[in-house]
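Notes follow once the structure below has been shown.
Taken together, the values in this text are just the output of simple stated rules run on the coordinates, not laboratory data. Everything quoted here is computed from the prediction, not taken from an experiment. Backbone-built Cβ (ideal geometry, glycine too); neighbour counts: all protein chains shown.
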Amino acid sequence: MHRIFNCLCGWFISHPWNNTCILKDIITSADVSFTNAEMLFHNYEDAPSTVPGGTYMRCDPQYIEDLKWMGFDIVATANNHAWDFGENGVLTNIQNLT
């Protein structure tokens, strides 16, 4: 029998280090762990999209290592900020994540 465990992380991450360690233990105990990457990982290699979308979100690619440290195996990149830096931004994001 297989068990699926869903862990919502936002509250834990915004609280003391102790909770982060507990969360890390939960995440790393999973067979596969998944999270949403709400922004693109890049260093402004690509220009913002010409289609206005509001906030243009990005994160320094060095923080991908923190996601790995937390135990995440897979990240979702299809969200409302996926196109903030156009097609080239999507490709740069994929390159940084692989």
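Quick notes on this one:
- Spin-label model distance (nm) - Gln95 vs Asn80, 7 Å beyond Cα toward Cβ: 2.9 nm
- For Arg58, residues with placed amide H under 5 Å, excluding near neighbours: Leu40
- For the range 33-97, the pair-distance distribution built from all alpha carbon pairs, in bins 5 Å wide starting at 0, is 4, 19, 31, 25, 13, 6, 2, 0 percent.
- Karplus (6.51, -1.76, 1.60) ³J(HN,Hα), θ = phi - 60°, over the range 77-86, in Hz, Gly and Pro reported as x: 10, 8, 8, 5, 9, 4, 9, 4, 10, x
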